[in-house]
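The values are calculated or read from the model by the stated rules, or taken from the named source; none is laboratory data. Fair warning: this is a prediction, and the values are worked out from it, not measured in the lab. Neighbour counts are summed over all protein chains in view; Cβ atoms, including those assigned to glycine, are modelled from backbone coordinates with ideal geometry.
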Amino acid sequence: PFGRVVEYERFEGTLTGKAELSSGTFAIVERAQDFVLVPWRDTLEKQIGREIGGVMHGRDIDWSFGITKSLGIGF
């Protein structure tokens, strides 16, 4: 199913490609339970297939690439 990205809220997932829609070009970011569409930038081309994340600010996004997930177990 399609999910939504809320402004100023962090999102993470795997960048699987781009979609050409009538409203513009969007990056497809697959998450565990859904996928989201966010504005495409040419710099994303080399990131397809990788874990990415970001925080949306209007139509701009602060991107982070190569996210590593940890188990979060502490002693």
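Some notes on this structure:
- Exclusive hit being within 10 Å of the chain's Cα centre (by Cα) and of a type in the set (Ser, Thr, Tyr), set Thr25, Thr14, Thr43: Thr14
- Condition met for Ser70 (polar (S, T, N, Q) and at pLDDT below 90): yes
- Scanning region 12-34 for residues that are in a strand (DSSP E or B), of a type outside the set (Ser, Thr, Tyr) and under 15 Å from Arg50 (Cβ atoms) returns Glu12, Gly13, Leu15, Gly17, Lys18, Ala27, Ile28, Val29, Glu30.
- Selection of first residues in region 51-67 that are in contact (Cβ under 8 Å) with a residue 40 or more places away in the chain and of second residues that are in a loop (DSSP other than H, G, I, E, B) and acidic (Asp, Glu), restricted to Cβ pairs under 9 Å at least 6 apart or on distinct chains, gives the following pairs, ordered by first then second residue: Val55/Glu7; Val55/Glu9; Met56/Glu7; Met56/Glu9; His57/Glu7; Gly58/Glu7.
- Test: residue in region 4-15 that is at positive phi and modelled with pLDDT under 90: no
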